[in-house]
Amino acid sequence: MRSLFGFSKALAFLSVSALVFTACGRRGSQPTSEYPGSVSTATGLAYNEDSSFMVHPFHGQPEGPNLVFIEGGRMTLGSFEEDIMLSRDNLERTVTVASFYMDETEVANIHWLEYMFYVNNSDSSAAFKETINPDEDVWKERLAFNDPYSSHYLKYPGFRYFPVVGVSWRQANDYAKWRTNAVNMGLEQAAIDNGDWDPDVMAQAESDGRIPLESGIVLPDYRLPSEAEWEYAAQALIGTQWLDENQTHQRLYPWDGHALRNPYGKEMGYFLANFKRGRGDYAGIAGKLNDGAMITAYVYEYPPNDYGLYNMAGNVNEWVQDLYRPMSFQDMDDLNPMRRDDFLDPVDKYDPQKQLISNRSRVYKGGSWKDVAYWLSPGTRRYLDEDSATATIGFRCAMIRAGSNY
């Protein structure tokens, strides 16, 4: 019995030793992005000495404000809803989407007002400053009295954390570029203050004096998500995993089931998104306003999906990067698909008298406070001119997961 016990101890010791040896072999002796060593494995030259190649400390991509990590993978893109428009423009196909980051909420009025403040107090051209104002008249209708929203929705404090609307696709892209610079300026100053970046090394920085990308301190660009990224994030099928690479079910909406009401707990019976319930019915009756919103709603109003993203169905539609073409599902790559121009599907194929499709047509997704439930399904898609703005379209930003192969 004692010899058996001794043999077990020896076996356990050998197992642990093997694990330690393996770990050291993989991490201890071979360089990685975070631990590159002090000498180049290609030339034998030292790093970080006088007049030598600089290899800055790196501990992974910094976390950007409001961003949620979306682990990529395989999924079936396309609409699982009945094609009531008979457009057949988003048929099912299997693709792989790489990991990325996405805003947990729609960009809100307070965020846009912040943008306007800094641009108006910058050295930007007068012409550009004219482009940053949302179209507040998108609320006005010839046969309705929604005028108060035109004068109050953007600027009144009560609407601070409601999604910004009246913003075109082009304006959304401009905001993403500004946001990239604003966030990175803050990260740069924090790095200098914390001693993570030596101002004396700024001579090696880019021509505009900013900390270069290879420092690992600044973030990649904020941008609009691709249609595939948006649809992938909305479905959030990470919540349907079972055992090894199996999914128990697909999703018609960003939540389980075919119903629009919450089936659980104290919120049972309440709608899970902000949408139009039927003709003339935006919220229910007084004393029981079921979805709680006759127009847009607070950006955190409804339960998030399994990635932690709010309002991926309803509230406002959201701009994505892609140029619209009805047959994109046939043409695009099956790894990180996105249509950036009219390649393989030139605009001259379309009759402008019958189809309002051009090289300015941009996709928007998700459904809004003014849409019926059909448009809440992540696979449905519509398009509008990139300079157009409405009271039903907003946006959120995305960002690549840099330095990752998944």
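Derivation of every value follows stated rules applied to the coordinates shown; laboratory data play no part. This structure is a prediction, so every number in the text was calculated from the model and none was measured. Ideal geometry is used to build each Cβ from the backbone, glycine not excepted, and the neighbour counts take in all protein chains shown.
Could you calculate the FRET efficiency of residue 330 with residue 213 from 1/(1 + (r/R0)^6), where r is the beta carbon distance between them and R0 is 35 Å, rounded to 0.05? Display every interim value, and only then the final one.
Working: r = 36 Å, r/R0 = 1.02.
About 0.50, to the nearest 0.05.
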remark   = Once both label points are put 7 Å beyond Cα along the C-beta direction, the residue 281-residue 141 separation in nm becomes 1.7 nm
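Taking each full run of DSSP H in the chain as one helix, which ones are at least 18 Å long along their axis (Cα atoms) and have mean Kyte-Doolittle hydropathy of at least 0.5? Display every interim value, and only then the final one.
Details: long enough: 2-23 (32 Å, 1.33); 169-193 (36 Å, -0.87).
Sorted by number, the helices that extend far enough and score high enough are 2-23.
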query = Pick from 46, 236, 373: which residue has the top mean-square fluctuation in a GNM of the chain where Cα pairs under 10 Å get a spring?
reply = 46
query = How many nm separate the modelled label positions at residue 122 and residue 242, each set 7 Å beyond the Cα in the direction of the Cβ?
reply = 5.0 nm
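Counting only helical runs of four or more DSSP H residues, what would the 222 nm mean residue ellipticity of the chain come to if each run contributes -39,500 (n - 2.57) and the total is spread over all its residues? If you can, show how the numbers build up before the last one.
Details: 7 runs with 82 residues, N = 406.
Mean residue ellipticity at 222 nm (helix-derived): -6000 deg cm²/dmol.
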query = What is the calculated FRET efficiency for residue 360 to residue 94, with r their C-beta to C-beta distance and R₀ = 45 Å, to the nearest 0.05?
reply = 0.90
task = Could you please state, rounded to a whole Å, how far the C-alpha centre of region 339-397 is from the C-alpha centre of region 66-83?
result = 18 Å
message = Could you compute the net charge surrounding residue 59? Neighbours are other residues with a C-beta less than 11 Å from the C-beta of residue 59; K and R count +1, D and E count -1.
response = -2
Charge dipole (region 67-400, unit charges on Cβ, about Cα centre) - positive-most of 91, 298, 285 = 285
ask   = How about region 244-322: which trypsin sites (Lys or Arg not before Pro) there are in a DSSP loop, with at most 15 other Cβ atoms within 10 Å of their Cβ?
value = 277, 279
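Between residue 63 and residue 84, what FRET efficiency comes out of the Förster formula 1/(1 + (r/R0)^6) with R0 = 51 Å and r the beta carbon distance, rounded to 0.05?
Numbers: r = 41 Å, r/R0 = 0.80.
Result of the calculation: an efficiency of 0.80.
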key: Spherically averaged projected area of the chain from its Cα convex hull (nm²)   = 30.3 nm²
query = So what's the gap between the Cα centers of region 283-321 and region 41-57, to the nearest angstrom?
reply = 52 Å
Choice from 101, 300, 264 with maximal GNM fluctuation in the chain (Cα, 10 Å cutoff) = 264
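So, in region 67-400, how many Lys pairs have Cα atoms under 16 Å apart, if the pair is 8 or more places apart or on different chains? Before the final figure, lay out each step's value.
Details: 129/177; 140/370; 266/288; 276/288; 276/365; 276/370.
Final tally of qualifying lysine pairs is 6.
Among 75, 54, what is the fewest-to-most ranking by other Cβ atoms within 10 Å? Before the final figure, lay out each step's value.
Values: 75 18, 54 13.
Fewest to most other Cβ atoms nearby, the residues stand as 54, 75.
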ask   = How big is region 249-311 on each of its three principal axes, counting only the C-alpha atoms and giving the largest first in Å?
value = 35, 25, 22
inquiry  = Mean-square fluctuation check for the chain, GNM, Cα pairs under 10 Å: which of 371, 351, 137 is largest?
reply    = 351
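Expressed as a rounded percentage, what relative contact order does region 121-187 have, with Cα pairs under 8 Å and six or more residues apart?
29 percent
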